[in-house]
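All remarks here apply to the structure that follows.
The values are calculated or read from the model by the stated rules, or taken from the named source; none is laboratory data. What you are looking at is a predicted structure, and each value in this text was computed from that prediction instead of being measured. Note: ideal-geometry Cβ built from the backbone for every residue, glycine included; neighbour counts use all protein chains shown.
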Amino acid sequence: MEPLIDCRILETRLDVLQLRLDVPSLPDCGGYVAFEGWVRNINHGRAVTRLDYEVYDALALKELRRICEFAADRFKLGFVGAVHRKGQLAVGDAAVVVQVLSRHRREAFEGCRYVIDQLKARVPIWKKEFYEDGSAVWTQCHEHTSPAPLTLDGL
Amino acid sequence: MKATVSIRYFALLRDLAGKSGEDIEVLQGEPASRVYMALAAKYGFPLGLTDIRVAVNDDFSTGDHPLKDGDTLVFIPPVAGG
């Protein structure tokens, strides 16, 4: 059966409990793993007051879907959900939620980790951090890479 | 021959350009990387060609992509999702 994929970019607050309810019931899947990424109040030793996420929607959704489809195939996942925020976020807000279902736990853990790692490295989403001293900086993912096909690097 | 391409700016590049996009005239077949270098000089983009990715018509491409009339062009600075 084709894996179920749910990729979204949302401008409103992520309701993580509702996202959990959106996960389908798949009778052949016995493992569920989720990752939630939240806005921290500190980064590289600087006090963060809020974040702005900017998204190149058309390409971000396309690339996110490619990552999820690749992960579903590679890790035999029955469901992959990846939802990311855009706009202004406060400390404590959820920025990203990845949820996967698989037959067994190992594939669920590995598949979930693969999706969040690839999302951070490849999907055109940017983060501006605002600091307590009034300054702001566009931050950079350390794994940002030049164009490359999806691979299993880093597993 | 001239071609008009539509550029969209995001994140750091949008801040430095002071706008979210613009239409510019290029030579038909001009590589995307040459357009980036011209814009980097004009707006003071600090990123080199190895630091950015190129998207043409909402899909990843490469710096040597030959531009044609009506293309949408995005230069992608280092990403930071998650």
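Of all residues in the range A:80-89, count the ones that are touching a Cys at 6+ places or on another chain (Cβ under 8 Å) and either more than 14 Å from chain B (Cβ to nearest Cβ) or β-branched (Val, Ile, Thr) (or both).
Residues meeting the conditions: 3.
Let me confirm something: among B:Gly63, B:Gly81, B:Gly48, which residue is over 17 Å from A:Lys127 (Cα atoms) and without any contact (Cβ under 8 Å) to a residue 12 or more places away in the chain?
Exactly one of B:Gly63, B:Gly81, B:Gly48 is over 17 Å from A:Lys127 (Cα atoms) and without any contact (Cβ under 8 Å) to a residue 12 or more places away in the chain, namely B:Gly48.
Okay, residues lined up against (1) farther than 22 Å from A:Arg8 by Cβ; (2) at the interface with another protein chain (Cβ under 8 Å from one of its Cβ atoms); (3) in a helix (DSSP H, G or I); (4) at pLDDT below 95:
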residue: A:Glu54; (1), (2), (3), (4): no, yes, no, no
residue: A:Ala72; (1), (2), (3), (4): no, no, yes, no
residue: A:Gly78; (1), (2), (3), (4): no, no, no, no
residue: A:Leu101; (1), (2), (3), (4): no, no, no, no
residue: A:Glu129; (1), (2), (3), (4): yes, no, no, no
residue: A:Thr151; (1), (2), (3), (4): yes, no, no, yes
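Just checking, does the range A:75-86 include any residue being of a type outside the set (Val, Ile, Thr), within 28 Å of B:Phe60 (Cβ to Cβ), surrounded by fewer than 21 Cβ atoms within 10 Å (Cβ to Cβ) and more than 18 Å from the chain's Cα centre (by Cα)?
yes
Considering the range B:1-43 alone, what residues qualify as being among the basic types (Lys, Arg), within 17 Å of B:Thr62 (Cα to Cα) and within 14 Å of another protein chain (Cβ to nearest Cβ)?
B:Arg8
This table checks each residue for (1) surrounded by fewer than 15 Cβ atoms within 10 Å (Cβ to Cβ); (2) in contact with a Cys (Cβ under 7 Å, 6 or more places away or on another chain); (3) in a loop (DSSP other than H, G, I, E, B); (4) acidic (Asp, Glu).
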| position | (1), (2), (3), (4) |
| --- | --- |
| B:Glu25 | yes, no, no, yes |
| B:Tyr36 | no, no, no, no |
| B:Lys42 | yes, no, no, no |
| B:Asp51 | no, no, yes, yes |
| B:Phe75 | no, no, no, no |
| B:Pro78 | no, yes, yes, no |
| B:Gly82 | no, no, yes, no |
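Can you find even one residue in the range B:55-67 that is more than 9 Å from chain A (Cβ to nearest Cβ), among the charged types (D, E, K, R), under 24 Å from A:Leu64 (Cβ atoms) and assigned to a loop (DSSP other than H, G, I, E, B)?
No - not one qualifying residue is present in the range B:55-67.
So the check is Cβ under 6 Å with 6+ separation or different chains; which pairs have a first residue in the range A:88-105 that's under 11 Å from A:Leu51 (Cα atoms) and a second one that's surrounded by 23 or more Cβ atoms within 10 Å (Cβ to Cβ)?
Note: pairs meeting the criteria are A:Leu89/A:Leu51; A:Ala95/A:Arg85.
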